[in-house]
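Novice: Please see the structure below; I have some questions.
The values are calculated or read from the model by the stated rules, or taken from the named source; none is laboratory data. Here the structure is a predicted model, which is why all the values come from computation and not from measurement. As a convention, Cβ positions derive from the backbone with ideal geometry for all residues, glycine included, and neighbour counts pool all protein chains shown.
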Amino acid sequence: MRDGTARRLGAAALAAVCLWANGALAGEPVTDLRVVIDVSGSMKRNDPRNLRAPALRLLVGLLPEGTRAGVWTFGRYVNMNVRHGPVTAAWKARARREAARIHSRGLYTNMEEALEKAAFGWTRPDPRYRRHLLLLTDGMVDISRDPAANRASRRRILQRLLPRLRRAGVKIHTIALSPQADAELLATLSRASGGRFEQVNDVAGLQKVFLRLFEQAAPADSLPIRGNRFQVDRAVTDMTLLVFRQPQAPPLRVHLPGGGVWTAERHPDPVRWYREKGYDLVTVPRPAAGQWTLETAPDPDNRVLVLTNLRLKHAPLPATLLAGDTPALAAWLEQRGRTVTRADFLRLVAFSAEHAPPGERPRTVTLARRGAGRHEAKLPPLRQAGMHEIALIARGPTFERQRHLRVEVLDAPARVEVRRDGIVVTPVPGLLAPDTVEAAAELVPGGPLALVRGEGGRFTAVLGPEHAGARVQVRLSGRRHDGRTLEMSVERRIPGGTPAPAPGPKEKERDEDGKPGPKDSGGEAHPPKPEQEEGSPLGRVLMWVGLVNLLLAAAGAGGWLAWRRFGRRKSGALEAELEEDE
């Protein structure tokens, strides 16, 4: 009896430790992550080295114990490879073994059933959990040889499944592993649910994509790395090093504060070291305080993730923004689940954000104290479309904490195409609630053009030759999924236009009675010239000269017209580019 009670108490204590590690005892919801991976036959071409397996093992290694997770694979059928449940050491070992069984032999791409099965139990919101679903695929919805059946399945995903998951508070993160994937569907699933969409055309980058999506699903504190060095403080109870490695690079060596060196082959027993294709994952319980050094090539995606009772927290940021938006940042420190408000302590802590627009160096923004321990700042308008990296940092005399955020910035809420034969307005997938989107078009000057809503939420209008060269204004409005309204208006020139008549023979003048009659300036009719005899040498020469002149004139007129049309097209294209720049 006592042994059974002791075992139950021990299990309860272990569960409590795991939940504390994930923040549940501090009132935080627990992360519930469902991973869904495509194993259809096309993966032989798009993932020939099966890099899905080490990417999954990376995700498994990063998940804190105490979270909940499960792994499904799908082709024609759907299989639960790793049973959904609490993440423990045993769960991680099983998930690593199952990752090796990922294959590329599926006959179809049954995305609908895969999402249905992975989302079991998610019928209504539950404040105890942060719900995330990660879907990786390289294709389109494909359940049958009948295209109508595939279209119907796709519609059910968008019209039934997506609204249900949104109501249940699920964020869907999607990865398109090839240009042939249904990016419109995947982006809609992500943006409409507040998740992240990633287009991966080089499968070698899949592991880093899994890292970024992990940071969205299970945000964790990290320590800043500068010059391959980082500082561990006494409040850190557990540390995980993620170090990416280039092919043919020498093995990673970790230098300790006391002067020792660890390698994959030589390290103490409590340390868990996993060496995979492209990265090392090293977990260190109770790391020594002081400066650590990584002996390897620097990589901006290397991480030092920590469990600590002094945590950096932040207000959520939207996953998707529009160019010109000025997102607000807010950050604070928590100790054992309570916001740190002591003024004498906070005076020694600097809060900042390093904002890196796509392809640019980071810019530092200082967060100012706003009371109750919160520090806030607004980023300048985000002008550049693409993925923006934001690192929130709290730096004190003896510690540092960092959080990695990413925001996708879109240059417009819709793509407007004005062609010679018509107008196509395509709203950005998932940005606006479909039932709120309205679009209109109007000739400037002129009247309205009828825009018709069609498949995929696109709006179209037919143009005729009479519209060539005119200007048209297109307006679009709608409501974002966060409730904010949005309006846009663009003006474009319709390509084409009727060119001026080409120079040629003057039209014959007419007499007062309307009958044609060749006249000179004085009005006197010229007598007809004597006809040349058809068979005479002079007649034949004149005939050939006339024919050659006629051919040359025709060729010159045709070339002039072609050059003029090219000039108009070139001018129209430049005007469109300038309008877009404006």
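Novice: Check 226, 156, 212 and return the single one that is free of Cβ contacts under 8 Å to residues at least 24 places away in the same chain and either of a type outside the set (D, E, K, R) or out of contact with any Leu (no Cβ under 8 Å at 6 or more places or on another chain) (or both).
Specialist: Unique residue meeting the criteria: 226.
Novice: So, one more: Just to confirm my filter: which strands (runs of 3 or more DSSP E) fall fully inside segment 174-246 and include at least 2 residues that are under 30 Å from residue 400 (Cβ atoms)?
Specialist: 229-232, 236-244
Novice: Here is a follow-up. Condition first: in contact with a Phe, Trp or Tyr (Cβ under 6 Å, 6 or more places away or on another chain), assigned to a loop (DSSP other than H, G, I, E, B) and not polar (S, T, N, Q). Can you find one or more residues in segment 373-380 that meet it? Spell out the reasoning first.
Specialist: If we filter segment 373-380 for residues that are in contact with a Phe, Trp or Tyr (Cβ under 6 Å, 6 or more places away or on another chain), which is where we start, we get 373-375.
Pick out the ones that are also assigned to a loop (DSSP other than H, G, I, E, B) and you get 373.
Of the ones still in play, those that are also not polar (S, T, N, Q) are 373.
Yes, the conditions are met somewhere in segment 373-380.
Novice: Still on this structure, I have one more. Give segment 299-311 a look and list any residue that's of a type outside the set (D, E, K, R), in contact (Cβ under 8 Å) with a residue 12 or more places away in the chain and closer than 18 Å to residue 212 by Cα, or say none.
Specialist: Filtering segment 299-311 for residues of a type outside the set (D, E, K, R) gives 300, 302, 304-310.
Next cut, in contact (Cβ under 8 Å) with a residue 12 or more places away in the chain only: 302, 304-310.
Correct list: 302, 304, 305, 306.
Novice: Anything in segment 439-457 that is surrounded by fewer than 17 Cβ atoms within 10 Å (Cβ to Cβ) and of a type in the set (Gly, Ala, Ser)? List them, or say none.
Specialist: Quick first cut of segment 439-457, residues surrounded by fewer than 17 Cβ atoms within 10 Å (Cβ to Cβ) only: 442-448, 450, 452-456.
Within segment 439-457, 446, 447, 450, 454, 456 meet the criteria.
Novice: Test of understanding: among 452, 437, which residue is farther than 30 Å from residue 329 by Cα and more than 20 Å from the chain's Cα centre (by Cα)?
Specialist: The conditions single out 452.
Novice: Do any helices (runs of 4 or more DSSP H) entirely within segment 31-121 hold 1 or more residues that are modelled with pLDDT of 95 or more, under 21 Å from residue 281 (Cα atoms) and in the same structural domain as residue 174 (by TED's automatic domain parsing), and if so, which?
Specialist: So the answer is 52-62, 89-99.
Novice: Scan 436, 460 and give me the residue that is among the hydroxyl-bearing types (Ser, Thr, Tyr) and surrounded by fewer than 14 Cβ atoms within 10 Å (Cβ to Cβ).
Specialist: Being among the hydroxyl-bearing types (Ser, Thr, Tyr) and surrounded by fewer than 14 Cβ atoms within 10 Å (Cβ to Cβ) holds for just one of 436, 460, which is 436.
Novice: Residue 477 fails exactly one of the following numbered conditions: (1) touching a residue at least 60 places away in the same chain (Cβ under 8 Å); (2) assigned to a strand (DSSP E or B). What is the number of that condition?
Specialist: With respect to (1) touching a residue at least 60 places away in the same chain (Cβ under 8 Å); (2) assigned to a strand (DSSP E or B), residue 477 is out only on (1).
Novice: Which residue pairs have Cβ atoms under 6 Å apart, sit 6 or more places apart or on different chains, and have a first residue in segment 166-180 that is free of Cβ contacts under 8 Å to residues at least 40 places away in the same chain and not assigned by TED's automatic domain parsing to the domain that holds residue 431 and a second that is surrounded by fewer than 23 Cβ atoms within 10 Å (Cβ to Cβ) and aliphatic (A, V, I, L, M)?
Specialist: 176/183
Novice: Additional query: If you check residue 370 against the conditions, is it over 30 Å from residue 199 (Cβ atoms), surrounded by fewer than 15 Cβ atoms within 10 Å (Cβ to Cβ) and out of contact with any helix residue (DSSP H, G or I) (no Cβ under 8 Å at 6 or more places or on another chain)?
Specialist: Yes, satisfied.
Novice: On the given criteria, is residue 446 closer than 30 Å to residue 194 by Cα, of a type outside the set (A, V, I, L, M, F, W, C) and modelled with pLDDT under 90?
Specialist: Against the criterion (closer than 30 Å to residue 194 by Cα, of a type outside the set (A, V, I, L, M, F, W, C) and modelled with pLDDT under 90), residue 446 does not qualify.
Novice: Tell me which strands (runs of 3 or more DSSP E) are completely within segment 407-473 and hold 1 or more residues being touching a strand residue (DSSP E or B) at 6+ places or on another chain (Cβ under 8 Å) and touching a residue at least 60 places away in the same chain (Cβ under 8 Å), or say none if there are none.
Specialist: Output list reads 414-418.
Novice: Considering each residue of segment 232-251, count those that are under 33 Å from the mean Cα position of the chain (by Cα) and buried (at least 18 other Cβ atoms within 10 Å of the Cβ), and give that number.
Specialist: Within segment 232-251, residues that are under 33 Å from the mean Cα position of the chain (by Cα) and buried (at least 18 other Cβ atoms within 10 Å of the Cβ) number 7.
Novice: Quick one: which strands (runs of 3 or more DSSP E) sit completely within segment 293-337 and have at least 3 residues that are in the same structural domain as residue 382 (by TED's automatic domain parsing) and of a type in the set (Gly, Ala, Ser)? Working first, answer last.
Specialist: Details: elements: 303-308, 310-314, 320-322, 328-335.
Passing ranges, in order: 328-335.
Novice: Quick one: would you say residue 272 is without any contact (Cβ under 8 Å) to a residue 12 or more places away in the chain and farther than 25 Å from residue 132 by Cα?
Specialist: In short, yes.
Novice: I need a count of the residues in segment 216-247 that are of a type outside the set (Gly, Ala, Ser) and either in contact with a Pro (Cβ under 6 Å, 6 or more places away or on another chain) or farther than 21 Å from residue 277 by Cα (or both).
Specialist: Summing the residues that are of a type outside the set (Gly, Ala, Ser) and either in contact with a Pro (Cβ under 6 Å, 6 or more places away or on another chain) or farther than 21 Å from residue 277 by Cα (or both) in segment 216-247 gives 18.
Novice: Among the residues of segment 320-330, is any more than 19 Å from residue 378 (Cβ to Cβ) and among the polar types (S, T, N, Q)?
Specialist: So far as segment 320-330 goes, no, none of its residues is more than 19 Å from residue 378 (Cβ to Cβ) and among the polar types (S, T, N, Q).
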